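The values are calculated or read from the model by the stated rules, or taken from the named source; none is laboratory data. The shown structure was predicted, so the numbers you read here are calculated from the model rather than taken from an experiment. Reconstructed Cβ throughout: ideal geometry from the backbone, glycine too, with neighbour counts over all protein chains shown.
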Amino acid sequence: MYNRVRRREPLSGVKVVPDPFEHIDATLRRFKKLVQASGVLTDARNRQHFITKGERRRVKSTKARKRLAPPRNKTGPGSASPRLSDNQQRALEGAERTR
C-alpha cells in the first residue's frame, strides 16, 4: 500500500586508525575497548526486540525496587555463618551434652 522507507540511524563514530608498526591485535583491542565504552553493542542488544512502554516501566520499577531494597541475610552455601537444620542442631547439642 504505502511505500515506507525504513530509515536507520547512522552508525556510531567509533573509528580506530592503526599506528605505524602497531600489531593488528593491539589495534583490535583498542577498537573493542572503544566500542564497549561507547555503548553501541548494549544499545543494539536493547533494540533487538520491541518493548512496550508499559513493560519498560515495569522493568524500571523492579530494578529500582531491587536496588533500594535492604540487603538480605544470606543463609546459603558460602555465607559467613551457615544455618543448621533442626536435626543438625539437635545432633550438635546432643554431642555437647555427652562431653
Determine the pairs where a residue that is part of a helix (DSSP H, G or I), located within region 57-68, has a partner that is of a type outside the set (Lys, Arg) with Cβ atoms under 9 Å apart, the partner being 6 or more residues away or on another chain. 59/51
Return a yes/no flag: does region 48-55 have any residue that is over 30 Å from residue 16 (Cα atoms), part of a helix (DSSP H, G or I), among the β-branched types (Val, Ile, Thr) and at pLDDT 90 or above. no
Restricting the first residue to region 77-99 and requiring it to be of a type in the set (Ser, Thr, Tyr), which pairs with a second residue that is modelled with pLDDT of 60 or more meet a Cβ separation below 9 Å and a spacing of at least six or different chains? 79/73; 81/75
Going by what's in this entry, would residue 39 be described as modelled with pLDDT under 90, surrounded by 10 or more Cβ atoms within 10 Å (Cβ to Cβ) and not basic (Lys, Arg)? yes
Looking at region 58-87, which of the residues that are surrounded by 10 or more Cβ atoms within 10 Å (Cβ to Cβ), modelled with pLDDT of 90 or more and not polar (S, T, N, Q) is farthest from residue 16 (Cα to Cα)? 58
